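Encoded as structure tokens, the structure appears first; notes follow it.
Just so you know, all these numbers are worked out from the coordinates, no wet-lab data involved. This structure is a prediction, so every number in the text was calculated from the model and none was measured. We place every Cβ from the backbone using ideal geometry, glycine too, and count neighbours over all the protein chains shown.
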Amino acid sequence: MNVSRQLSQLQAIELEIESKEQALAESTSQLGERETLDRAQAKLSTAQQHLEELKKKQQSQEWEVDDLGAKIAAAKETLYSGRIKNPKELSNLQHEVDGLEARRRQLEDEALAVMEQVEEATANLATMESELKIAEDEWRNKQKKLSAEIARLKDELSQLKHKQQLVLAEVDPQATQFYYQLKRQKGRPVARVEQGMCCGCRLSLSTAELQRVKGNSLVQCSSCRRILFLD
Ligand SMILES: [Zn+2]
């Protein structure tokens, strides 16, 4: 096999290694990444707390309504018992009952509003919980896929690196050294020749250059200096 073909193989292997290493780094960085999930969980906790507070408020309103009911009943009982004869006292007591009843109506309206809030918060919480459950399932699936992907990439990389070593063992060390020197400058040191043209810089080669490329020696493009390779 001529040296330019070997170097072209080496370049292809190394490009594949680079792309797989990039994919591996990306997958590795995503593994265990659960920021979105943590945020959703924090939001859920806040919603749970909010619902608890509303329920406490609802409970204390119920107690207060009960308490007022007892007071109203007692006042009415006194009012209609006939024990109080003094009109001024009776009128005061009636006034008190009216006040308590007004307060109870107001409290009942407030309790109704809180009840609606509790219902809404409960429904919201249920939605959030089911959404979080879906997100958690998705996260677990993704983690599984990422782990499998990472294992596959590591395996492929080790095979590619083995292939790279095999090629390196065969190529003339001086050519290898030149290849890496050019790689540092050009990124891709080997350029394919297609329809008499260097694919690295799109320059058409002379017939003499083409003849040399067909031989066994290492030929560089006269324009971009890349190692030319003809299939
Ligand atoms: Zn060129």
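A few remarks follow.
- When the Cα gyration tensor is reduced to axis lengths a ≥ b ≥ c, the ratio a/c is 1.5 or higher for the chain, and with a/b above b/c it is classed as prolate.
- Gyration tensor (alpha-carbon) shape descriptor, the stretch 168-220, a/c threshold 1.5: oblate
- Under 17 Å from the residue 33 label point (7 Å along Cα→beta-carbon), backbone N, the stretch 118-140: 136, 138-140
- For the chain, built as a Gaussian network whose Cα springs stay under 10 Å, the top-fluctuating residue of 74, 169, 40: 74
- For the chain, averaging the sequence separation of C-alpha pairs within contact (under 8 Å, six or more residues apart) and dividing by the residue count gives a relative contact order of 34 percent.
- Size of electric dipole in the stretch 46-130: Cβ of Lys, Arg +1 and of Asp, Glu -1, about Cα centre, debye, nearest 20: 620 debye
- The stretch 145-231 - percent relative contact order, Cα under 8 Å, separation 6 or more: 22 percent
- From the alpha carbon centroid of the stretch 165-231 to that of the stretch 133-157 is 40 Å.
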